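Please read the structure below before turning to the comments.
What follows is calculated from the coordinates using simple rules that are stated; it is not laboratory data. Keep in mind that what you see is a predicted model, and the values were worked out from it rather than measured. As a convention, Cβ positions derive from the backbone with ideal geometry for all residues, glycine included, and neighbour counts pool all protein chains shown.
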Amino acid sequence: MDNIILIFLCLIAGIALQRVKAFPSNSYVALNQYIIHIALPAMALYYIPKVEISSRLLYPLGIAWGGFLLSWALFASLGRFYGWSKKLTGCLILTGGLGNTSFVGFPIIEALFGKEGLKTAIIVDQPGTFAAMATLGIIVAVTYSGGAVGTAGIVRRIIFFPPFVAVAVGTLINIAGYDFHDVLQPV
């Protein structure tokens, strides 16, 4: 429950700090960079080696992909039926099909299911939601905005995204049957 209260406190603090001139208007950029380059990779390296790899992971992993594909099918059909603009349709596909599974999702999962739930949450987030967003999401965004998509660019974005690199390293550590030494676990 503390994590849910913390989410609301952070939201309120963020709104309040927008009025404080000592903080730059783009402070959120630094926080996002910290989360993407340090916090998410650290969580992946901590939890992935502890996950028991089995077919049970296919369901939480498939939720992100299935939800996105369902959103695409639904809003593409509704867009054609109601004559919506391509930009509106693409926006609805993206917002309906992708969730905030890490920034807001992790604290909620931890509040509801404890630290053990974060093992599954990292699977839903990185190879699930993030990979769906970085592949199908980019394709939808480019297609519905009238641009062109480059496969090499998509692959490069996925391969070099710091949390995804950490998931890959964590998975290799897991497959090898290792984990970080007890001294490094709190780090």
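How do 169-179, 61-71 rank on mean C-beta neighbours within 10 Å, highest first?
Numbers: 169-179: 13.9, 61-71: 17.5.
Final packing ranking: 61-71, 169-179.
Take the alpha-carbon centre of segment 71-87, take the same for segment 1-69, and report the distance between them in whole Å.
Spelled out, the Cα-based centre of one part sits 30 Å from the other.
Which whole-number percentage describes the relative contact order of the chain, with Cα contacts under 8 Å and a sequence gap of 6 or more?
Once divided by the residue count of the chain, the mean separation gives 33 percent.
Build a GNM of the chain with springs between Cα atoms under 10 Å: which of VAL165, VAL104, VAL51 gets the top mean-square fluctuation?
Judging by the Gaussian network model, the answer is VAL104.
Using Cα pairs closer than 8 Å and at least 6 residues apart in sequence, work out the relative contact order for segment 61-135, in percent.
This gives 41 percent for segment 61-135.
Semi-axes of the chain's equivalent ellipsoid from the Cα gyration tensor, sqrt of 5 times each eigenvalue, largest first, rounded to whole Å?
Over the Cα atoms of the chain, the ellipsoid semi-axes are 30, 24, 17 Å.
DSSP loop (so not H, G, I, E, B), at most 15 other Cβ within 10 Å: list which trypsin sites (Lys or Arg not before Pro) in segment 1-93 pass both filters.
ARG19, LYS21
Residue-wise, which Karplus ³J(HN,Hα) couplings in Hz belong to segment 28-45, taking 6.51 cos²θ - 1.76 cosθ + 1.60, θ = phi - 60°, and x for glycine or proline?
Values, residue by residue: 4, 4, 5, 5, 4, 5, 4, 5, 6, 8, 10, 5, 5, x, 4, 5, 4, 5 Hz.
In terms of Cα to Cα distance under 29 Å, which lysines are near enough to LYS50, apart from those fewer than 8 places away along the same chain?
LYS115, LYS119
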